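Only the coordinates and a few stated rules stand behind these numbers; no lab work does. All figures in this text were calculated on a predicted structure; none of them were measured in a lab. Glycine gets a Cβ as well: all are built from the backbone with ideal geometry, and neighbour counts include every protein chain shown.
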Amino acid sequence: MDKIAIFCGASSGFNPVYTQKAKEMGQLLSQKNISIVFGGGKVGMMGAIADEMLALKAEVIGIIPHFLRHEEVEHDRVEQMLVSQTMSERKVRISKMVDGYIAMPGGFGTLDEVLEVLTLGQLHIEQKPIGFLNTNGFFDALIQQFDHMVKEGFLKQENRDMVLIDEDPEQLLIKMENYTAPKVSKMIDTVASVKPNE
C-alpha cells in the first residue's frame, strides 16, 4: 500500500487517547513510507494525524470541498491540497488515489465515508482493505450492529469479514496488508462493472 485514505473526526473527542492513537498511526504510516489522503482539515483527529506526519516529512494529501475552505478548518501546512466542488466529488477523487482505507473515531461524516467504501467492496466495485482503528472500543457498538445484521439475514458473513478491526495501529496495518477481497458473485457481475464515478 502506497496511499491510504483516513476517515476521522474534525473533533478530538473528550478522551486524549483518541489523539494519541491518531499520532501513533501517523508515526507508523510515516515509518512505512505510506502517504495519507484525508479531508484536508487542521482540527480534531484530522489535524492530529496530519500534523504528526508533516512533522516526520511524510506525504500528506488533502481533499477539501470548496465550501469548507476557511481559516478555521483548512490545514494551511498541507502543500498538496486539492479542492472539490462537492462532498461526493471528494469521495470519488479519494477512491481513485488510494490503496486502502482506515476509519478512526469520528461522527456522521466518518460513518458516511467508511460505510460507502464498505458498500463498494460488497458490490465488488472496489477490492481495497478497509480498517477500523478501534481506539478505546469506539467502534464496538457498530461492529455489534454488523454482527446483528448477519444474524438477522441482512448481511452476508463474507461481507462482514471485509471489516478489519484492531485497537493497535501496527496490527491493523498487518491485517490490511494480508487482506483478500471476497469473490464476486454472478448476481453482481453487472454492478461490478460500474465505476464509482459513473
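Of note:
- Residues that are touching a Phe, Trp or Tyr at 6+ places or on another chain (Cβ under 7 Å) and of a type in the set (Phe, Trp, Tyr) number at least 1 in the following strands (runs of 3 or more DSSP E) confined to the range 95-173: 100-103, 130-133.
- Considered as a group, the residues in the range 26-47 that are hydrophobic (A, V, I, L, M, F, W, C) and assigned to a helix (DSSP H, G or I) include one that is farthest from the chain's Cα centre (by Cα), and that residue is LEU28.
- In the range 7-42, the qualifying residues are those that are among the aromatic types (Phe, Trp, Tyr) and under 11 Å from MET104 (Cα atoms), and the one that is surrounded by the most Cβ atoms within 10 Å (Cβ to Cβ) is PHE7.
- Take the conditions (1) in contact (Cβ under 8 Å) with a residue 60 or more places away in the chain; (2) surrounded by fewer than 17 Cβ atoms within 10 Å (Cβ to Cβ); MET45 misses just one of them, which is (2).
- Pick from the range 112-133, criterion without any contact (Cβ under 8 Å) to a residue 12 or more places away in the chain and within 11 Å of the chain's Cα centre (by Cα), ranking: nearest to VAL43 (Cα to Cα): ASP112
- Tally, over the range 168-184, of residues that are without any contact (Cβ under 8 Å) to a residue 40 or more places away in the chain and more than 18 Å from ILE125 (Cβ to Cβ): 4
- Looking across the range 48-83, the residues that are over 19 Å from LYS23 (Cβ atoms), touching a residue at least 12 places away in the same chain (Cβ under 8 Å) and either assigned to a helix (DSSP H, G or I) or basic (Lys, Arg) (or both) come down to HIS66, LEU68, ARG69.
- Any hit, the range 14-25, residues being in contact (Cβ under 8 Å) with a residue 40 or more places away in the chain, more than 20 Å from LEU172 (Cα to Cα) and assigned to a strand (DSSP E or B): no
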